[in-house]
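Worksheet: the structure to be examined is printed underneath.
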Amino acid sequence: MSGHSTYEPKSGFERWLDSRLPIIRFANDTIVTFPTPKNLNYWWTFGGVLSLMLGIQIVTGIILAMHYVPNADLAFNSVEHIRRDVNYGWLVQFMHANGASMFFLAVYIHIFRNLYYGSYKAPREVLWILGCIIYLLMMATGFFGYVLPWGQMSFHGAVVITNLIGAIPVVGPSITTLLWGGFAVDNPTLNRFFSLHYLLPFMIAGVVGLHIWALHVPGNNNPTGVNVKSETDTVPFHPYYTVKDGFAISVFLIVYAAFVFYMPDALGDAANYVKANPLQTPQHIVPEWYLLPFYAILRAVPNKLMGVLFMFAAIGTLFVLPWLDTSKVRSMRYRPTARIYYFIFILACLVLGVCGAHAPDDLVIPHSGGVQFLDADLDSYVWLSRIGALYYFAYFWVITPLLGLTETPLAVPESISSPVLSHPASAPAGAVASPEKRG
Amino acid sequence: MADTVAGASPDLHASGDDPNRRDFIHIAAGVAALGAVGGLAWPFIDQMNPAGDTLALASIEFDLSKVVEGQQVVVKWRGKPLFVRYRTAKEIEAAIKDDHADLRDPATDESRHKPGKAQYLVLVGVCTHLGCVPTFGGGDYGGWLCPCHGSVYDTSGRIRRGPAPLNLAVPDYAFLSDSKIKVG
Amino acid sequence: MLRKGFAFAALGLVLLAGPALGATTEKEPADVHWSFEGPFGKFDKEQVQRGYKVYREVCSACHSMEQMSFRNLGQKGGPFYDPKYPNPNNNPVVKSLAHDIQVKDIDTDTGDVISRPATPADKFPAPFANEYAAAASNGGKAPPDLSVMAKAREGGPRYIYSLLTGFRNPPAGLTIPTGKYYDPYFPGDLSGSWHGSPKAVPEGGMIGMPPPLAPGKVTFDDGKPSTVQEEATDVAAFLMWAAEPKMEERKQFGFGAMIYLLIFSGLLYASYKRLWRNVEH
C-alpha cells in the first residue's frame with residue numbers, strides 16, 4: 001500500500017539531500033520498508049528475475065554494440081569476430097542471445113502467475129496493461145535483435161514478418177516500404193533495426209518504472225487473492241523479499257548458466273550460422289521459440305490478412321482480460337473449475353508452440369494416407385494449431401466470462417493472516433465464504 | 001506494533017530474532033553476491049582491451065632493403081606511422097657530437113639504435129607534444145620538424161627545440177637478419 | 001499434484017517435438033563420438049592437427065574459411081598452441097604453416113596485386129576471387145565456406161563425418177546427372193529422379209561435390225593410417241574446433257560458474273530460511 005513514508009534521515013548529509021531530492025526516501029519506501037504480503041510464494045519472485053534479466057540484456061547489449069557492425073556485408077563477420085577475437089566476447093554474446101530466451105521464459109512464468117492468481121483484476125488493470133505493453137515491446141526487441149546477426153534465419157524471418165505488415169489494407173505496403181527502406185529486406189533495413197533494437201530496451205525500462213509505480217499503489221497481490229487488511233499481513237520488502245528474490249535469482253542463474261556454458265546454441269537454429277542469402281530460402285523458416293505460439297496462430301488461418309489480424313488479436317486479447325473475467329474471486333486457489341480450464345490453456349499454448357516449429361503440412365503422427373479436411377490432412381500440424389488457437393480464443397472470450405458467472409468457488413479466507421492459511425484448499429467449518437468485493 | 005493476533009508478523013525487536021542484526025550467513029550471502037558481480041565485471045571490462053585481430057597486427061616485419069641511404073620509409077604500425085631511416089655517415093656523426101649537449105630529454109645516440117647498426121634509426125613518427133607527424137629533414141638539425149607547433153628533432157630523433165617534452169619514441173624491435181627487422 | 005502432472009506432460013511434449021522439426025528425407029547422421037563432446041570435453045590436439053592437414057591438402061582447393069587466420073592455429077586451445085609462445089604470431093610452427101601458403105597482397109610501391117607467403121596475421125586465403133568465380137568453377141553453385149559449417153548443419157560434426165563417408169553408388173532406378181553425386185546423408189528430394197516404386201524413394205540427395213576423400217590421400221605426420229574414416233573423423237574435429245575455438249574455455253569457465261552459483265544458492269537459501277524462521281507464512 002502506498003502509505004506515508006517512515007524514512008528518518010540519519011546523517012547531516014541525508015537530511016541535506018532529503019530536502020533537495022528525496023531519492024533515498026524514495027528508495028527506502030519502494031524497496032526497503034515497502035509492506036509486502038507475507039505469504040508470497042516463489043511464483044512471485046519472477047518480477048525480480050525479470051528486472052535482473054533486463055539489466056543483463058542492456059549491459060551485454062551495450063558491450064556487443066561496441067564491436068558489432070550493422071552493415072549487411074559485415075554483420076555476420078562482426079558477430080564471429082566478437083566470438084573469436086574480442087576478449088570474453090563469446091561470453092557476452094552467448095549471455096545476450098540466451099539471455100533473451102531466459103527473459104521470455106521468466107516473462108511467461110510471470111504472466112501465467114498473473115492469470116492463475118487474478119493479479120490482473122481490479123484495482124490492478126492498469127498494472128496489467130502496462131505489463132502487456134512491456135511484453136509487446138519485448139517481442140519487438142527480440143525480433144529486431146534476431147535479425148542483427150544476419151544469418152539465413154535472421155534475414156528470412158525479417159522477410160516474413162515485414163511482409164505480414166503488407167497484408168494490412170490500404171496502408172500496409174507503404175508501411176512495409178518504410179520498414180524496409182528499399183524494395184526488400186536489405187542493408188537499410190538492418191541499420192534501422194539495429195537502431196530500434198538499441199532504443200526499445202530503454203523504453204521497456206521506462207514502462208517497467210511505470211509498472212512498478214502502478215504496482216505500489218494497491219500493493220502486491222498474494223496467493224489467496226485477499227487484500228491486505230492490516231500490518232500483520234505484511235513484512236517489509238527488505239530483507240524478507242530481497243533475500244527470497246535473491247535466492248530465486250541464483251537458482252534461475254543456474255539454469256541460465258547451463259545454457260550459456262553447455263548448450264549455447266540449443267535454443268537457436270543451425271541455419272542462422274549460414275550467411276543471409278536473399279536468393280535462397282532455408283528449408284524451414286522458424287522464429288525464435290518464444291514467438292512460436294503466435295506464429296502458429298498466424299499460419300492456422302488460411303487467409304493472409306485474417307491470419308495477421310488473429311495473431312494481433314491473440315496479443316490484443318490480453319489487454320482486455322480484466323474486463324472479460326467476471327469472477328468475484330481473484331485467485332484460482334479457490335476456483336477449482338477455472339483451474340482445470342487454466343491448465344488446458346497452458347497445454348494449448350505449449351501445443352501451439354510445437355505447431356509453430358513444424359511445417360504446417362507435416363503430419364503429427366507419421367503415417368501413409370490420411371483424411372483430408374478442407375485444405376489439409378486432419379492429422380497435420382495446421383489442424384492441430386487450429387484446435388489450439390480455437391481454445392486460446394475460447395478461453396479468454398467464452399470460458400473466462402462464463403466461468404465467473406457460473407462456477408461455485410471455494411471459501412475464501414478472511415485475511416492473509418487468518419488460520420486457514422496453512423490449508424489453503426480446504427474450507428474450514430464455520431468459515432464465512434465472503435466473496436471478495438471488487439475494487 | 002502491538003501484536004494481538006496469533007501468528008502475526010515478526011516482532012523485529014525480539015532478542016536474537018532481529019533480522020537486521022548482521023548474522024554471519026547474511027554477510028556471507030552478501031559477500032557472495034558481490035563476488036558474483038565482481039567476477040563478471042572483469043570480463044566485461046577486459047572486452048574493451050585490444051581484440052585478437054588487433055593484437056595480431058601488433059608486430060610487423062620490415063625489409064630494410066627498401067630504404068635508400070639518406071632517406072626514410074614510413075610504414076603503419078599499430079595504427080601509427082613508423083619512421084625507418086637510413087642515416088648517412090655525416091648524420092650519424094652530427095648525432096654523436098651532441099650526445100652531451102644540453103638536451104631536454106638526455107640520451108646518447110648509441111642508446112637509440114641497435115649495436116653495430118648505427119645507420120638504421122627506427123622511431124615512432126608521432127610528435128611527443130600533441131601527436132602530429134613530423135616532416136623528414138626539416139628543422140636546423142637535419143632530423144625532423146613538426147609542422148604543428150614547431151618542435152625540432154635532431155638526426156637521432158631527440159627533441160632540440162620547441163614544445164615537445166620527449167625524444168621521438170624508439171619502439172621495441174629486433175634484427176631478424178641483416179636486412180630484416182621485427183617491430184613490436 | 002495435478003499442476004505438477006501437467007507440467008511434466010507439457011515438458012515431455014516439448015522435448016518430443018524438438019528433433020522432429022519438419023520431415024526431411026536424408027538419413028540420420030551416424031553415431032560417432034569425439035573427445036570434445038560433453039560438459040568436460042576437450043579437443044584432441046593431434047586429431048585437430050590431422051584435420052587441419054586434411055583441410056589444407058584436400059578441402060582448401062575449393063572451400064574458403066574466411067573467419068580463420070593462421071594465428072588461430074597457435075592460440076590457446078588451438079592445434080599448434082605452444083605455451084612457450086603465448087603470442088601465436090611468434091610461434092615457429094604457425095609461422096612455418098603460414099609461410100607454406102601464398103596470399104594476395106598489394107605492392108605499396110606499384111599498386112599491383114602480388115602473391116607473397118602468408119604470415120600468422122593473415123587470414124586463410126580463399127580459393128576463388130569471388131563467389132561468382134567459385135560458382136562458375138563448380139557447376140553453378142559455390143562451395144560453401146567451412147568456418148562455422150560444424151554449427152551450420154543439424155548434427156554438426158556427425159553430419160560432416162556421415163556426408164564425407166556416405167558417398168555410394170546410386171541404387172538402380174535413380175538417375176543422377178553428371179556433375180552430381182548421390183549421398184544418402186545430404187538433404188534433398190529424389191522423387192523426381194526416381195523410377196521405382198513411389199513408396200520407396202531413396203533417402204538423401206544429390207550433392208555437387210565429388211567424394212573428396214580417399215585412402216592414403218593425406219599422409220598424417222603422426223603416422224596414423226589414413227583411411228577415409230580417419231580423414232573424415234579428423235577433419236570433422238578440425239571443423240568443430242574452427243567453428244568454436246573458445247569451446248574449451250567456455251566449458252572451463254562454466255564449471256567454475258556452476259560451482260559458484262551452487263554455493264551461492266546454498267548461502268542465499270540459508271540466509272532466507274534464517275530470516276523467515278519466525279514468520280508465519
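Here, each number is a calculation from the coordinates, and none is a lab measurement. This is a predicted model, so every value here is computed, not measured. A quick note on method: Cβ atoms are made from the backbone with ideal geometry, for glycine too, and the neighbour counts reach across all protein chains shown.
Computed FRET efficiency, Cβ-Cβ of C:Tyr85 and C:Glu46, R0 30 Å: what is it to the nearest 0.05?
The formula returns an efficiency of 0.95 here.
Can you work out ³J(HN,Hα) from phi for every residue in the stretch C:150-165, in order, using Karplus 6.51 cos²θ - 1.76 cosθ + 1.60 and θ = phi - 60°, giving whole Hz and x for Gly and Pro?
These are the phi-based 3J(HN,Hα) values: 5, 10, 8, 10, 4, x, x, x, 5, 5, 4, 4, 4, 4, 5, 8 Hz.
Dipole of chain A, Cα-centred, from +1 at each Lys and Arg C-beta and -1 at each Asp and Glu C-beta, to the nearest 20 debye? Working shown, then result.
On the way: 24 positive and 24 negative charges, 202 e Å.
Dipole size: approximately 980 debye.
Once you sort the root eigenvalues of the Cα gyration tensor of chain A as a ≥ b ≥ c, which label holds: rounded (a/c under 1.5), prolate (a/b larger than b/c) or oblate (the other case)?
oblate
So what is log10(I(q)/I(0)) for the stretch A:48-121 at q = 0.19 1/Å, when the Debye sum runs over its Cα atoms only?
Once normalised to I(0) and log-transformed, intensities are -0.77.
Could you give the length gained on full extension between A:Leu410 and A:Trp213, defined as 0.36 nm per residue of separation minus the Cα-Cα distance, in nm?
67.7 nm
Let's see if you can work this out: charge +1 on each Lys and Arg Cβ, -1 on each Asp and Glu Cβ, no other charges. What is the dipole magnitude of the protein assembly as shown about its Cα centre, in debye to the nearest 20?
So the magnitude is around 1320 debye.
What share of all Cα pairs of the stretch C:101-187, in percent, falls into each consecutive 5 Å distance bin?
Reading upward from the zero bin: 3, 10, 13, 15, 18, 15, 9, 7, 5, 3, 1, 0, 0.
Taking +1 at the Cβ of each Lys and Arg and -1 at the Cβ of each Asp and Glu, which of B:Asn167, B:Trp77, B:Leu121 sits farthest along the dipole of the stretch B:38-184 towards its positive end, judged by Cα position relative to the Cα centre?
Positive-end residue among those listed: B:Trp77.
Using the Cα gyration tensor of chain B, with a ≥ b ≥ c the square roots of its eigenvalues, what is the shape: rounded (a/c below 1.5), prolate (a/b larger than b/c) or oblate (neither)?
It is prolate, given that a/c is not under 1.5 and a/b is the larger ratio.
Looking at the stretch A:328-410, I'd like the Rg to Rh ratio, where Rg is from alpha-carbon atoms and Rh is Kirkwood's inverse mean 1/r.
So for the stretch A:328-410, dividing Rg by the Kirkwood Rh gives 1.13.
Under a point spin-label approximation (7 Å from Cα along Cα-to-Cβ), what is the A:Asn191-C:Val279 distance to one decimal in nm?
In this crude label model, A:Asn191 to C:Val279 measures out at 5.4 nm.
Longer than 23 Å from Cα to Cα, which of B:Lys90/B:Lys182; B:Lys66/B:Lys97; B:Lys182/C:Lys45; A:Lys38/A:Lys121; C:Lys42/C:Lys84; C:Lys95/C:Lys123 are they? Say none if no pair is.
B:Lys90/B:Lys182; B:Lys66/B:Lys97; B:Lys182/C:Lys45, as the Cα separations exceed 23 Å there.
For a quick check: with amide H placed at 1.01 Å from N, whose amide H comes under 5 Å from B:Gly137's, ignoring anything fewer than 5 positions away on the same chain?
Distant-sequence amide H within range of B:Gly137: B:Trp144, B:Leu145.
Peptides A:203-210, B:157-164, A:189-196: what's the order by average Cβ count within 10 Å, highest mean first?
Per-residue Cβ counts within 10 Å, averaged per peptide and sorted highest first, yield B:157-164, A:189-196, A:203-210.
To the nearest 20 debye, what is the magnitude of the charge dipole of chain C about its Cα centre, counting +1 on the Cβ of each Lys and Arg and -1 on the Cβ of each Asp and Glu? Please list the in-between numbers first.
Working: 30 positive and 30 negative charges, 238 e Å.
For chain C, the charge dipole is close to 1140 debye.
What distance in nm lies between label points placed 7 Å from Cα along the C-beta direction at B:Leu103 and C:Asp105?
3.3 nm
Considering the options A:Val226, A:Leu318, A:Gly12, tell which one lies farthest towards the positive end of the dipole of the protein assembly as shown, charges being +1 on Lys and Arg and -1 on Asp and Glu at the Cβ, about the Cα centre.
Result: A:Val226.
Based on the Cβ-Cβ distance of A:Ile344 and A:Ile365, what FRET efficiency does E = 1/(1 + (r/R0)^6) give at R0 = 22 Å, to the nearest 0.05?
0.60
What ³J(HN,Hα) values, in whole Hz, does the Karplus curve 6.51 cos²θ - 1.76 cosθ + 1.60 give for the stretch A:224-229 when θ = phi - 60°, with x put for Gly and Pro?
Computed from phi, the couplings for the stretch A:224-229 are 7, x, 8, 5, 5, 9 Hz.
Please compute the Kirkwood hydrodynamic radius over chain C, one decimal place, Å, based on all pairs of different Cα atoms.
22.5 Å
What fraction of the Cα pairs in the stretch C:10-168, stated in percent, has a spacing above 23 angstrom?
When all Cα pairs of the stretch C:10-168 are counted, 52 percent exceed 23 Å.
For the stretch A:18-24, take each phi angle, set θ = phi - 60°, evaluate the Karplus expression 6.51 cos²θ - 1.76 cosθ + 1.60, and give the result in whole Hz per residue in order, putting x for glycine and proline.
Taking θ as phi minus 60°, the curve returns 5, 7, 10, 8, x, 6, 5 Hz for the stretch A:18-24.
Towards the positive end of the charge dipole of chain A, with charges on Cβ (+1 Lys, Arg; -1 Asp, Glu), say which of A:Leu105, A:Ile133, A:Trp44 has the farthest Cα.
Selected residue: A:Trp44.
Taking every pair of alpha-carbon atoms in the stretch B:90-184, what share in percent sits in each 5 Å bin, from 0 to the bin with the longest distance?
Over the stretch B:90-184, the share of Cα pairs per 5 Å bin runs 3, 14, 26, 24, 19, 10, 4, 0 percent.
Given labels modelled 7 Å from the Cα in the Cβ direction, how far is it in nm from C:Lys199 to B:Asp178?
Here the modelled spin labels are 8.5 nm apart.
Take the Cα radius of gyration of the stretch A:325-373 and divide it by 2.2 N^0.38 Å, with N its residue count; two decimals is plenty.
Numbers: Rg = 17.1 Å, N = 49, 2.2 N^0.38 = 9.7 Å.
Dividing the Cα Rg of the stretch A:325-373 by 2.2 N^0.38 Å gives 1.77.
Under 5 Å between amide hydrogens, which residues at least 5 positions from C:Gly205 or on another chain qualify, with H placed 1.01 Å from N in the peptide plane?
The list, which skips near neighbours in sequence, is C:Asp183, C:Tyr185, C:Phe186.
What are the lysines whose alpha-carbon lies under 17 Å from the alpha-carbon of C:Lys217, with same-chain residues fewer than 8 places away excluded?
C:Lys53
Would you mind checking which residues have amide H under 5 Å from A:Ser380's amide H? H placed 1.01 Å from N; only 5 or more apart, or other chain.
Sorted by chain and number, the residues that satisfy this are A:Val364.
Strictly over 27 Å apart at the Cα level, which of A:Lys275/B:Lys76; B:Lys76/C:Lys251; A:Lys244/A:Lys328; B:Lys80/B:Lys180 would you flag in this model?
Working: A:Lys275/B:Lys76 32 Å; B:Lys76/C:Lys251 38 Å; A:Lys244/A:Lys328 31 Å; B:Lys80/B:Lys180 20 Å.
As for pairs spanning more than 27 Å Cα to Cα, those are A:Lys275/B:Lys76; B:Lys76/C:Lys251; A:Lys244/A:Lys328.
Indicate the gyration tensor shape class of the stretch A:120-250 (rounded, prolate or oblate), computed on the Cα atoms with a ≥ b ≥ c the square roots of the eigenvalues: a/c under 1.5 is rounded; otherwise a/b larger than b/c is prolate and the rest oblate.
prolate
Go ahead and set up a Gaussian network model of chain A, Cα springs under 10 Å, then flag whichever of A:Ile285, A:Ile165, A:Ile23 fluctuates most.
Taking springs between Cα atoms under 10 Å, the residue moving most is A:Ile23.
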